[in-house]
1. If each of Leu208 and Ser114 carries a label point 7 Å out from its Cα toward its Cβ, how far apart are those two points in nm?
2. What list of ³J(HN,Hα) couplings, whole Hz, do you get for the stretch 190-195 from phi and the Karplus terms 6.51, -1.76, 1.60, once you set θ to phi - 60° and write x for glycine and proline?
3. Rank the residues Ser114, Ser104 as a footprinting-exposure proxy: fewest other Cβ atoms within 10 Å of their Cβ go first.
4. Largest first and in whole Å, what are the equivalent-ellipsoid semi-axes of the chain based on the Cα gyration tensor, each being the root of 5 times an eigenvalue?
5. How charged is the neighbourhood of Leu178? Take every other residue with its Cβ under 10 Å from the Cβ of Leu178, and add Lys/Arg as +1 and Asp/Glu as -1.
6. Rounded to whole Hz and in sequence order, give me ³J(HN,Hα) for the stretch 89-106 from the Karplus expression 6.51 cos²θ - 1.76 cosθ + 1.60, θ = phi - 60°, writing x for Gly and Pro.
7. Can you pull out the chymotrypsin sites (Phe, Trp or Tyr not before Pro) in the stretch 173-227 that DSSP calls coil and that have at most 11 other Cβ atoms within 10 Å?
8. I need the fraction of alpha carbon pairs in the stretch 99-160 separated by more than 13 Å, rounded to a whole percent.
Amino acid sequence: MFVGEENVSRPYVVLHNETSLDGGLDHLNPDLGRFYSLARRWNEDATLVGADTILAMEEELVQEEAAADSLREPADLPFLVVVDSRGRIERWRELRDQPYWGRSLVLCCERTPSDYRAMLSDLGIGSLVAGEERVDLPLALEELNRLYGIQTLRVDSGGTLNGALLRADLVDEVSVLLEPRLVGGDTPRSLIRATDVSSPEEIVELRLVAMEAFADDVVWLRYRVLR
């Protein structure tokens, strides 16, 4: 990890994903044990997830039973921080009780339905309002650092949130497990979904800092975001 080289008031942000060689997220067969074992190397204070990702995995999460030896005290677990400005997630009671996270926190905006925020409060789930029409990610990250002392934030999400963070220049490190597969397609889910750049200056430049190959031909690449 490369924390501490820049004196910023927001957390150190790591994107951690597993993709096909062409950057796709569909039709993969990830080794989840390996994926999350590697993720633990950052010892994150919080895991940031988009609402779409939570909705896609809700059923699996609420039905899954964690192994007893994987449980830790809540104080040792990272926050679960979810971007959900439209108040779409309904199964917070089950998600709150999952053994993977400590406290749960929802990033909202001024237009997030008040009854949704009231429901969160009733369940003991915090909400942080940042922005008017949608979540203001730079402000939200600064507030996570200021109010909750979050210094390292790992993003476990899809291309939309990844793209928004990259376009806002909020990412410090990109970690990708590349599977030896090509997915293709006209509308695949991908590592980054964002508006097209209008000039070469907007391209995110990276520097390779670590590489590891596994026996199943998966390659783990870690990049530093250059500024």
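Readers should treat all values here as calculations from the given coordinates under stated rules, not as data from a laboratory. Predicted model, so just to flag it, every value in this text is computed and none were measured. So basically every Cβ, Gly included, is an ideal-geometry build from the backbone, and we count neighbours across all protein chains shown.
1. A separation of 5.5 nm, rounded to one decimal place.
2. Listing the rounded values in order: 9, 4, 9, 10, 7, 5 Hz.
3. Ser114, Ser104
4. Working through the eigenvalues yields semi-axes of 27, 22, 18 Å.
5. Around Leu178, the charge tally is -3.
6. Residue by residue, the stretch 89-106 yields 7, 9, 8, 5, 4, 6, 5, 4, 8, 5, x, 8, 10, x, 7, 10, 9, 10 Hz.
7. Those satisfying the criteria are Phe214.
8. 68 percent
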